[in-house]
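Structure record follows, encoded as structure tokens.
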Amino acid sequence: MKHEDIATIIGGIGEELIEEVSAQREHEFFEARAKKRRTARRALAIALPIAACIAVAFAVPGIVKAVRGDNSIIVTDFGKIPKKYASQYDSAVNLSSAKTLAAAEYPACAEYPDYSGSAKEYESQERIHMNVNYLRRRAAKDIDVYSSFYNNLISQALSGEYDSNRVISPVNIYIAASMLAEISGGETQKQILNALDTESIEELRDNAEKLWKTNFIYDKTKQQILSSSLWLNEDIKFKKPALNTLAEYYYADSFSGDFGDPDLTADMQKWLSKRTGGLLDGQIGDVRLNRDDVMNILTTVYFSARWMDEFYPGANTNLIFHSPTGDKETVFMCTSQTGYYRGENFGAVCKSFKESGFGSMWFILPDENFAVGDVLSQENFIDSVLDDKLEKFPSYIVNIKVPKFDVSSELTLNSSFKAMGIEDAFDMNTADFSALTDFTPTFVGKIEHNARVIIDEEGCKAAAFTELPLLGAAGVQDMEIIDFILDRPFIFIIETDVGQPLFIGVVNNV
């Protein structure tokens, strides 16, 4: 079909029908997410005519526009939102010593409606917010594209020591590994692409860009902010096209300066602190630039959201948490909800976040006589939880008791990456990063991953950063009731509204 024909068809659909169908589609989506039923694939089979048109619009960027009554426009790329309705994420950091070589342009996010204003105003904001988020979710790739890497990463990074807390951000690490692939060449790149289960660098760019873009949210109800940066030694010559590619597909800012200057390290730490909401300032003090390093890759994620149904502080109770290092009395938050899930040797419940497409947090409790390691080592564990493969008991009433916690971890991922087949990047004799610089030898010294997750009665906050320095040289009375008490080591997953594991961790101590 010609582009002109598509435009004619779209133009023939009245504004009233667009609004009606869009609202209906959003209602169906929210209802389905609240019940943890994945409807993305089914929606394709039952899509209404307007949904088909929106799909065509996304496939042919810039050709089709939906015009609103206030003369604002929503385009296919969930950008170009009227400025007065766009969340302006303040990504600027005042740097005193760093020189900017390439800057990423972050996608605009639709502002959450301001219901304190007039009905006409908030209805317009509401339409924009709903449609932009609808298009964002439609653009997202299925978790199957990423799950091979996620499953391998989880089995490597979270296994072993089960007397301490461990937290990682699979999404954050995927983007960091993708950037490493982008600046590499030869066998080094082949190993990274293989670990990422990707055939080509072009395919990886598409996967990474969609992952970044569709998981970036910033409005009054939720902050889910991804960031990337490169810090380059001014004494080394770098290739500008590589920096532009990193800015375009990975939203990476590139900075240059004197690696021996303490002020440049201070700039980098300031950037890290802002992009992680200050949650990891205790760890950021250890991140430094060394005079002989070639460059440093940093990727971050910050998350903050309120529960859909908050815990009532008056229902809190003190219980004993049975840790591998000993029993400890702590505060447990208590609530009841419907919906219980069963996997192999574990039970699970899912608690939704408020607004902006929802998203949720999974609490996974191994059965008695099974350890968290037994669950994490199951083949395709992440798929079974996030791809709707668990056995569901929607009519159960679940009495949830979960401890308030603030868990963090500092992990070195070298051995995890090597176990996934990424070896040459760490060897000064075989590493190939010629896509970015001809300076040799250039190789990865270490991969450090720091993460922290906090939950309380109101919601959840979390942050993570990955550092890759490159060195030189039914009726209630009829429902069954289940007590789901997380009083021994358990697993949690923070799932985005597009089905990605933003964070996953093991709580052994509270």
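The values are calculated or read from the model by the stated rules, or taken from the named source; none is laboratory data. Just so it is clear, the model here is predicted, and its values are computed rather than measured. All Cβ positions, even for glycine, are placed from backbone atoms using ideal geometry, and neighbour counts span all protein chains on display. Only protein heavy atoms, including side chains, enter the accessible area calculation; ligands, DNA and RNA are left aside. Shrake-Rupley method; radii C 1.70, N 1.55, O 1.52, S 1.80 Å.
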With all protein chains modelled, accessible area of Val171 [1.4 Å, Å²]:
0
The Kirkwood hydrodynamic radius of region 228-286, taken as the inverse of the mean 1/r over all distinct Cα pairs, in Å, comes to 12.5
Two decimals is fine: what's Rg over Rh for region 246-392, C-alpha atoms, Kirkwood radius as Rh?
1.08
Tell me, what is the FRET efficiency for Asp258 and Asp388 to the nearest 0.05, using R0 = 56 angstrom and their Cβ-Cβ distance as r?
0.60
With r as the distance between the Cβ atoms of Asn244 and Glu203 and R0 = 25 Å, compute the FRET efficiency 1/(1 + (r/R0)^6) and round to 0.05.
0.80
Table column - 3J(HN,Hα) (Hz), region 138-150, Karplus curve with 6.51, -1.76, 1.60, x for Gly and Pro
5, 7, 5, 7, 5, 4, 4, 5, 10, 5, 4, 5, 4
For region 308-351, what is the convex hull volume of the alpha-carbon atoms per residue, in Å³?
96
Percentage of Cα-Cα pair distances in region 372-412 greater than 14 Å, rounded to whole percent?
71
Express in % the proportion of alpha carbon pairs of region 195-327 at distances exceeding 26 Å.
45
Relative pair counts by distance (%), Cα atoms of region 125-256, 10 Å bins
10, 35, 33, 18, 4, 0
Distribution output for region 364-510: share of Cα-Cα pairs per 5 Å bin in percent, first bin at 0, values 2, 7, 12, 15, 17, 14, 10, 8, 6, 4, 3, 2, 1, 0, 0
Determine how large the accessible area of Thr325 is when every protein chain is in place; take a 1.4 Å probe and give Å² rounded to the nearest 10.
100
How big is the accessible area of Arg342 in square angstrom, nearest 10, if you roll a 1.4 angstrom probe over the protein chains?
60
Quickly work out the Ala419-to-Glu234 label distance, labels modelled 7 Å from Cα along the C-beta direction, and quote it in nm with one decimal.
4.2
Using a 1.4 angstrom probe on the protein heavy atoms only, could you order Glu355, Glu329 from most to least accessible area?
Glu329, Glu355
Counting every Cα pair in region 166-222, what percent are over 18 Å apart?
38
Could you work out Rg/(2.2 N^0.38 Å) for region 335-449, with Rg from alpha carbons only?
1.55
Just to be sure I understand the curve: with the Debye formula and one point per C-alpha of region 341-403, what is log10 I(q)/I(0) at q = 0.16, 0.21, 0.24 Å⁻¹?
-0.58, -0.96, -1.18
Return one whole number: the accessible area per residue of region 406-510 in Å², for a 1.4 Å probe.
35
Full extension between Ser87 and Lys446 adds, at 0.36 nm per residue less the Cα distance, a length in nm of 125.6 nm
Nearby lysines by direct alpha-carbon distance to Lys392 (threshold 27 angstrom, same-chain neighbours under 8 apart not counted)
Lys35, Lys36, Lys141, Lys351, Lys354, Lys401, Lys404
For the full complex of protein chains and a 1.4 angstrom probe, list Lys190, Lys446, Lys141 by accessible area with the highest value first.
Lys190, Lys446, Lys141
